[in-house]
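The values are calculated or read from the model by the stated rules, or taken from the named source; none is laboratory data. Model, not experiment: these values are computed from the prediction. Virtual Cβ from ideal backbone geometry, glycine too; neighbours counted across all protein chains shown.
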Amino acid sequence: MNVDLHCHSHFSDGQHPPQFLLDRAVANNVTHLAITDHDCLLNCSELKVPPGLTLVPGLEISASWRAMEIHIVGLSIDAESKPLQDFVSRQQQLRRDRISAMDKKLSGQNISGLLDYLQSKPCISWTRGHVAEFLVSKGHGKDMQRAFKRFLRPGGSAHVAAQWPEIGEAIAAIQQASGIAVLAHPGRYGLTRSKLGRLMDDFQQDGGDAVEVSYGSINYVQRTSLITMTQERGLYASAGSDFHSAERQWTDIGKFPALGSAAIKNAIWAHPRWHFL
């Protein structure tokens, strides 16, 4: 198996339609792909899945842990699950409320048009990345990083704190839909090893199933540490590129370090709720 279990389309903060992701996966010899848009359920029936590729239903949920934003990927989900659909609808409302509050702050700075800009895009999930794109397009930042720093990060003039549910709620929503809950890109939260261990412990105590131990831009030391910490807790190992755009040179679908012999022993496809062998 050659898997990529974490990537994004233009329905959240990716730059390409889902069909582009499927075709690129085949070109990159991926056999199992999960499109995991932020708080968004993809209608897979509308896609033409190329021969040789298995599409794994998934999504990525924003949640809160000790006042930090944490992302949890749901894999092998039943997208028709009413509890999950209701949960996602609430997440979408939280996103729209947050962006609307940012729009009010921007309007107070004589920067208008954000909501019209978002409504012109194919995205279902509105994200801060979209706001940064809007600001750059209006000349209020040379690039997205500078737009984030000036406007959107804590202390920025248009910052609005997120109000995400606790990680246990996100895990429960995934598992009510027969899915597998995966702690996404844990090395990107800026935590010390001890704090990351506490996050993993709380995630596991809340019923979490797996951890992403390999993803785009991860280094050898991080990957080795995550594999060890995952094995110590008896959690399953997952992996994905976190692909967003073909223009980003540091990641591509299927292009990230392999799980390796140590992690493969408890790979996510050994999980009893995995149905895509």
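Miscellaneous remarks
- Residue check, Ala172 surrounded by fewer than 21 Cβ atoms within 10 Å (Cβ to Cβ), out of contact with any Lys or Arg (no Cβ under 7 Å at 6 or more places or on another chain) and either not basic (Lys, Arg) or not assigned by TED's automatic domain parsing to the domain that holds Thr224 (or both): yes
- For Phe243, the conditions (1) of a type outside the set (Gly, Ala, Ser); (2) touching a helix residue (DSSP H, G or I) at 6+ places or on another chain (Cβ under 8 Å); (3) surrounded by fewer than 19 Cβ atoms within 10 Å (Cβ to Cβ) are fulfilled apart from (3).
- Selection status of Leu55, under 19 Å from His185 (Cβ atoms) and either surrounded by fewer than 16 Cβ atoms within 10 Å (Cβ to Cβ) or modelled with pLDDT of 95 or more (or both): no
Yes/no per residue for (1) crowded, with 19+ Cβ neighbours inside 10 Å; (2) touching a residue at least 40 places away in the same chain (Cβ under 8 Å); (3) not assigned by TED's automatic domain parsing to the domain that holds Asp252:
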residue	(1), (2), (3)
Asp39	yes, yes, no
Lys48	no, no, no
Ser64	no, yes, no
Met102	yes, yes, yes
Gln119	no, no, yes
Pro122	no, yes, yes
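- All positions within the range 11-26 that are buried (at least 19 other Cβ atoms within 10 Å of the Cβ), in contact (Cβ under 8 Å) with a residue 40 or more places away in the chain and over 14 Å from Glu247 (Cα atoms): Phe11, Ser12, Ala25
- Considering residues of the range 67-78 that are in contact (Cβ under 8 Å) with a residue 60 or more places away in the chain and of a type outside the set (Val, Ile, Thr) only, the residue surrounded by the most Cβ atoms within 10 Å (Cβ to Cβ): Leu75
- Within the range 28-64, tally of residues that are part of a loop (DSSP other than H, G, I, E, B) and among the polar types (S, T, N, Q): 5
- Lone unmet requirement of (1) part of a helix (DSSP H, G or I); (2) surrounded by 12 or more Cβ atoms within 10 Å (Cβ to Cβ) for Ala162: (1)
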